[in-house]
């Protein structure tokens, strides 16, 4: 393979190097462009001479301005790029370019679990939720016992998961910001993959009492089996041994009920798929994210729900999203979430520029503007049908912006409030996983998929080299999602049991 670069948009005046290991100075491309200096893979080079102050264009958008004159074939380093201001939230177009609905995609299904509330599970799990971090080690101990002593008797139950977290006490529980983690944890405790009915373990004295975590909700039906509740400070429980025994007895009752459940054919419209990226590089917006976007369009056509999130990684591309909103009111809701997060960052003395990591920069991304433009490719081309605020459960069909921070762990936790399947794209690589929902990993580069063949589920890097197309990889991902949701295939994260701890977002004060 000779020297190759990828130019995304006809207006672009920079392109990224495709060749693994990068290219040396003097390398000449088929169009006659010659590299001024050695340039790493995924990093940008100028396609023509750029004057000082001239806009630098990628994805057809301004990602910055040249701090100095750059000759054609120059390596565009971070220090050579002045970051532009974020798009103003006051002048955005609202629902002015609503995409035309694509043809309905019929006949696709998966083997899942139907729940009493009408939701669909992709796993059959006993979930043990906690109201406060104090009880987490006890529950973890009990779960180890349950897995070893009880679970083998119940072949139709996939797993036992402790829903532990670092919240529940030592916080201003009535502060407005507290509503976000409480709602998130409450929704996760009713997750579709635990049949919406957890076993609850409480300490007893904590601020987040069970009734606050799981209040009576008139929108929810009465379940066929209500959640059990065990309080460690109950005077009837004497010592650690009795506490653990009580958890095991309650777990046994739940396992009996869960074991009666069986997978059944459900339409693909029952999938709620969360999309996320982590360890992004300059290929992410060229290969894996567009392929995920194509698969997202397929899901929307099949009647499913697709969530894209990560406010900070949308903020600099919001001007491309508000025109796609199905109504002006939905566009205003999207702007509301951008403004809320701008103010949140400002209160903390930070701004969006704090988002990019050393790995992002090593992978060729010069700033959050470029990262955002690549990130939103995951949303595909469908109209945005709804917006969910921080901590809200998504109840809409179609493409939904579900507001979350961009942190992998916090975003994943908040998306768990709604999703039953997760797709995670990565350029630099991460072994991230979740216990409650399958996580499909899609790599932006073939080199990563080859280096981590037992961690990456799908290689989208073939798009950059011309071995595959965005459409073909998108279809591959769509079929893989149906197989994973059906239990026919297991993700590598589930194979190895790589499950990150929950990290609920708490914008409220800690006392």
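The values are calculated or read from the model by the stated rules, or taken from the named source; none is laboratory data. Please read all numbers here as calculations on a predicted model, not as lab measurements. Here the Cβ is made from the backbone with ideal geometry for all residues, glycine too, and neighbour counts use every protein chain on show.
Would you confirm whether any residue within the range 378-398 is crowded, with 24+ Cβ neighbours inside 10 Å, within 15 Å of residue 279 (Cβ to Cβ) and touching a residue at least 24 places away in the same chain (Cβ under 8 Å)? For the range 378-398, residues crowded, with 24+ Cβ neighbours inside 10 Å, within 15 Å of residue 279 (Cβ to Cβ) and touching a residue at least 24 places away in the same chain (Cβ under 8 Å): present.
With respect to being at pLDDT below 95, under 18 Å from residue 435 (Cα atoms) and either more than 29 Å from the chain's Cα centre (by Cα) or surrounded by 14 or more Cβ atoms within 10 Å (Cβ to Cβ) (or both), residue 198 fits the description.
In the range 418-457, how many residues are closer than 25 Å to residue 22 by Cα, in contact with a strand residue (DSSP E or B) (Cβ under 7 Å, 6 or more places away or on another chain) and surrounded by fewer than 22 Cβ atoms within 10 Å (Cβ to Cβ)? Of the residues in that region, 2 qualify. Summed over the range 458-492, residues that are more than 21 Å from residue 272 (Cα to Cα), touching a helix residue (DSSP H, G or I) at 6+ places or on another chain (Cβ under 7 Å) and surrounded by 21 or more Cβ atoms within 10 Å (Cβ to Cβ) total 4. Scanning the range 180-204 for residues that are part of a loop (DSSP other than H, G, I, E, B) and either touching a residue at least 40 places away in the same chain (Cβ under 8 Å) or closer than 15 Å to residue 215 by Cα (or both) gives 190, 191, 195, 196, 197, 198, 203.
For the range 21-71, give me every one of the strands (runs of 3 or more DSSP E) that falls completely inside it and has 3 or more residues that are touching a helix residue (DSSP H, G or I) at 6+ places or on another chain (Cβ under 7 Å).
Details: elements: 44-46, 55-58, 61-66.
Hits in the range 21-71: 61-66.
Restricting 245, 251 to residues that are in a helix (DSSP H, G or I) and either surrounded by 15 or more Cβ atoms within 10 Å (Cβ to Cβ) or in contact with a helix residue (DSSP H, G or I) (Cβ under 6 Å, 6 or more places away or on another chain) (or both) narrows the list to 251. Does residue 109 satisfy being at pLDDT 95 or above, surrounded by 13 or more Cβ atoms within 10 Å (Cβ to Cβ) and within 29 Å of residue 341 (Cα to Cα)? So residue 109 fails the test.
Checked against the criterion of being surrounded by fewer than 24 Cβ atoms within 10 Å (Cβ to Cβ) and at pLDDT below 95, the candidates 352, 336 yield just one match: 352. Select from the range 254-277 the residues that are surrounded by fewer than 24 Cβ atoms within 10 Å (Cβ to Cβ) and assigned to a loop (DSSP other than H, G, I, E, B) and write down the one among them that is nearest to the chain's Cα centre (by Cα). Going through the qualifying residues, I end up with 263.
Between 81, 62, the distinction of being closer than 11 Å to residue 13 by Cα and either exposed (fewer than 15 other Cβ atoms within 10 Å of the Cβ) or under 30 Å from the mean Cα position of the chain (by Cα) (or both) belongs to 62 only.
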